[in-house]
Amino acid sequence: MSDFQNHLNSQNILNQQGSSDVFTQEFDLTRLIVVFRKNLLWIFIILLCSVLGAYFFIRYTKPLYESKSQLKLDLNSEASAVGLQKMDPTMEEYSGASKIAGEVEFIKSPLVLNEINSRAGLGIGYFALGDILFEERFESTPIILEYTVIDPALLDQRINISVESPNDYKYSYLWKEETIEGNAKFGNMITTEGLVFKINKTPFLEGEKIAKDFFCIVYSSGFLSSYISQNLSVEIDNVEAKIISVSFKDYNKNKAAYIVNLIDSVYLEKTVELKTSKHEKTLNFLKMSLSKTESNLLEAEQDLENFLKVNKGGELKTLYDRVYTKIDELEREKTALMRQLYVFKDLEESIEKEHELESFFPALVGIQDPQLIKSLEEYNVLRMDMLRIKGSQSANTFVFRRKQNMLNNSKLSVLNQLSQNRHVLQKEIFNINTGIFKLESQIVDLPSKETELARLKRHYDIYEKFYLLLLEKETEFEIARAGAIPNFVILSQASLSSVPVFPQSQMAYGFATGFGILISLILVLISYLLDSSLSSLKEIESGLTLPVLGGIPEYKKEKMVVSKLVVDANPKSQISEALRSIRTSLDFMSTNKGKQKTISITSTISGEGKTFVAVNLAGILSQSGLKVVLLDLDMRKPKVHLSFGVSNDKGMSTLLIGKHEISECIKNTSMPNLHFIPSGPTPPNPSELIMRDEFKQLLDKLHETYDIVFIDSPPVGLVTDGILIMKHVDIALYVLRINYSKRSFKSNLNKLFQTANFKQMGVIVNAVQNVHTYGYGYGYGYGYYENGKKDSVGMTFIDWLKKRVWFWPLRK
């Protein structure tokens with residue numbers, strides 16, 4: 001039994017080689033192309049489904065439109081209007097960017113949004129129902145809802161209107177979890193639960209061809225504010241050019257354009273309103289100052305007039321002119337300084353209380369401290385920014401706290417400078433008073449009337465000049481108020497584009513195509529990694545130590561349930577030519593130069609076409625004038641008798657046990673030189689029968705009559721019978737089938753060839769696709785399926801595609 005144990009070890013070699021060989025193979029471009037071609041149908045289906053998915057997505061997704069306008073801001077410093085000096089470039093650049101950001105926040109602030117909400121046209125939405133989607137009818141609504149009473153619970157809820165006839169309609173809505181419905185006529189007031197309303201029809205209803213079912217929604221102010229803020233976008237397009245864009249997104253393009261134009265209008269109105277309010281405050285300050293100065297001027301004029309009447313218009317002496325002129329100059333300086341001192345005190349109070357400073361700008365004319373002017377301008381800019389931020393930011397945000405700190409620091413700096421300037425002014429006033437006292441002491445002995453006259457004239461001149469200055473400034477601000485314009489220019493009106501921003505057809509189809517290609521590549525890659533079958537003749541030859549005797553093409557002329565002899569009816573077919581080539585290779589391969597040979601054929605597993613090759617190769621050998629007998633030793637799963645359509649009641653199993661003679665078991669075929677012996681009834685111990693001496697004696701006896709004994713052996717990957725038979729033959733043939741045999745079979749075959757010492761072995765490749773590799777053919781092919789296995793359903797479709805011109809690179 002030692003020989004049997006050796007054969008058993010050889011057979012175990014085939015079983016021990018695991019599927020790990022599948023994953024240790026190097027990348028094979030040829031096999032990848034084969035896998036790609038096998039999955040062409042699925043790739044086509046995936047791409048088609050992806051494109052169809054994109055089509056239905058675009059078809060049944062509500063298009064979202066965007067309307068956009070551009071505004072150019074004119075943010076010149078308000079201080080320049082009253083003659084204040086310009087800021088340094090660094091502060092001016094910061095102030096410009098800060099003002100633009102402030103205007104952006106102002107447009108998005110509740111002040112503007114609430115004004116938009118209150119405008120007509122947005123409080124009620126009207127929609128037409130379709131088969132799948134619904135469409136808002138903005139500015140073309142077929143119905144109009146008018147209500148006098150509405151329960152707050154009905155806000156933001158659908159009120160359904162179904163048109164029954166030109167004069168009648170049906171309404172329904174949900175109120176307190178109860179459906180309220182009824183019938184009414186257009187134009188009649190209806191009183192129902194939580195609602196008093198009427199529905200009026202418009203001329204658009206008569207032109208309605210499709211929709212007859214509508215619904216309307218009465219929006220709450222909170223919903224409108226949220227809706228506008230979520231869809232509104234205000235962005236800075238160019239900081240240097242001071243250009244911003246206002247855009248709005250909505251499912252109705254007309255509504256989006258309407259809201260953008262409405263935002264521009266409200267922004268214009270609010271800007272003019274703020275500027276007018278600012279001018280009003282400045283004018284009020286000027287008028288108040290004019291009133292006080294006018295009273296002082298009249299009083300001085302009356303005092304001078306009374307003095308001249310009493311004293312008959314006394315003349316000034318030349319001696320007094322020089323002194324009084326000097327005193328007059330000092331008095332004017334003192335008056336100017338006193339005015340500045342009062343202004344500084346008022347400024348300190350206003351800054352402490354964080355009041356507006358625009359009304360003080362006219363009084364700042366003539367101040368010689370540029371640092372103070374600069375600090376006041378910076379403080380005013382920060383205060384205005386803070387006012388804007390308070391409208392749109394909470395006190396806990398980083399932006400709010402940062403601006404508040406900057407404002408506090410600027411406020412402290414301005415107050416310190418004002419205090420320093422007040423001390424300087426007080427010192428200068430003290431010096432002027434000292435000078436006046438000295439001059440007056442020089443003329444203390446002069447007549448008091450002359451002195452009083454000079455004093456009255458001096459006061460009168462001072463009040464007159466200050467009064468004329470205030471009149472001039474009042475005139476300037478009256479003109480500015482009358483010509484107040486917004487601080488922006490609309491560069492482009494709200495656009496009305498028919499192309500939605502979502503979904504975008506090109507992007508959707510591009511994404512779908514890319515997604516389909518990605519899934520297809522993943523499918524091909526997974527198929528490549530998981531496909532453990534041998535895919536091409538080139539892959540079989542690569543790394544195989546055994547010679548490949550030839551390849552047999554697929555047979556597509558007909559579908560066969562079992563293997564059949566086809567070479568007798570198709571002697572010039574592609575299969576016949578391929579088998580003749582293999583017959584020639586067998587002649588060169590055999591060491592036995594005589595005609596008598598014993599040939600076995602096997603495979604790794606059932607289904608690789610072993611029996612089909614055996615039957616037809618035996619037929620080809622018989623066509624060369626040799627007498628051939630085919631033995632079916634696959635006694636566990638016999639097939640040869642099915643190929644010739646005979647019974648299997650006696651055969652090899654009964655011969656080996658001596659139950660029948662050779663003459664009783666020999667069967668004829670359609671080819672005169674080809675006979676066969678079926679396997680006979682399945683014995684319980686096929687291996688033991690083959691190991692008997694009777695098997696060798698049977699082969700010798702058959703050689704007395706036949707030139708070639710051809711043995712159809714069992715698959716060696718399943719049982720040991722095939723390896724045992726190989727010890728008795730001159731040539732051992734091994735069948736591998738394309739797209740069926742596993743890649744591990746090739747490694748197992750190399751191992752078997754090296755360890756079992758079967759020198760005269762050759763490989764026949766079954767179901768070869770590219771038969772021109774071996775130079776065969778007439779174009780029939782092979783289509784046999786062992787055990788009822790069939791190719792994929794899509795192969796016929798792929799074959800049809802490969803015949804088309806646009807698949808020419810895949811045609812091999």
Got at least one residue in the range 151-163 being basic (K, R), closer than 16 Å to I217 by Cβ and open to solvent by 40 Å² or more (accessible area, probe 1.4 Å)?
yes
Residue satisfying all of: in the range 752-761; of a type outside the set (F, W, Y) and in contact with a Leu (Cβ under 8 Å, 6 or more places away or on another chain); farthest from G550 (Cα to Cα) among these:
L752
Among (1) small (G, A, S); (2) modelled with pLDDT under 55; (3) open to solvent by less than 60 Å² (accessible area, probe 1.4 Å), which single condition is G53 missing?
(2)
Considering each residue of the range 224-268, count those that are over 16 Å from P110 (Cβ atoms) and open to solvent by 50 Å² or more (accessible area, probe 1.4 Å), and give that number.
15
Looking at (1) of a type outside the set (D, E, K, R); (2) surrounded by 14 or more Cβ atoms within 10 Å (Cβ to Cβ); (3) in contact with a Lys or Arg (Cβ under 9 Å, 6 or more places away or on another chain), can you tell me which one T141 breaks?
(3)
Has the range 594-611 got at least one residue that is out of contact with any His (no Cβ under 8 Å at 6 or more places or on another chain), touching a residue at least 40 places away in the same chain (Cβ under 8 Å) and part of a helix (DSSP H, G or I)?
yes
Residue satisfying all of: in the range 513-535; open to solvent by 20 Å² or more (accessible area, probe 1.4 Å) and in a loop (DSSP other than H, G, I, E, B); farthest from T604 (Cα to Cα) among these
D531
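Results for (1) surrounded by fewer than 23 Cβ atoms within 10 Å (Cβ to Cβ); (2) out of contact with any strand residue (DSSP E or B) (no Cβ under 9 Å at 6 or more places or on another chain), shown as yes or no for each residue.
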residue: K538; (1), (2): yes, yes
residue: T545; (1), (2): yes, yes
residue: S585; (1), (2): yes, no
residue: M589; (1), (2): yes, no
residue: T598; (1), (2): yes, no
residue: S603; (1), (2): no, no
residue: G619; (1), (2): no, no
residue: K639; (1), (2): yes, no
Restricting to the range 553-573, name every residue that is under 53 Å from the mean Cα position of the chain (by Cα) and assigned to a loop (DSSP other than H, G, I, E, B).
E554, K556, K557, E558, K559, V561
Would you point out the residue of the range 82-95, among those that are surrounded by 18 or more Cβ atoms within 10 Å (Cβ to Cβ) and in a helix (DSSP H, G or I), that is modelled with the highest pLDDT?
S95
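The values are calculated or read from the model by the stated rules, or taken from the named source; none is laboratory data. In this text the structure is predicted, and so the values were computed from the model without any measurement. For neighbour counting, all protein chains shown are included, and Cβ atoms are generated from backbone atoms with ideal geometry for every residue, glycine included. Ligands, DNA and RNA are stripped out before the accessible areas are found, and what is left, the full protein with its side chains, is counted by its heavy atoms. Shrake-Rupley method; radii C 1.70, N 1.55, O 1.52, S 1.80 Å.
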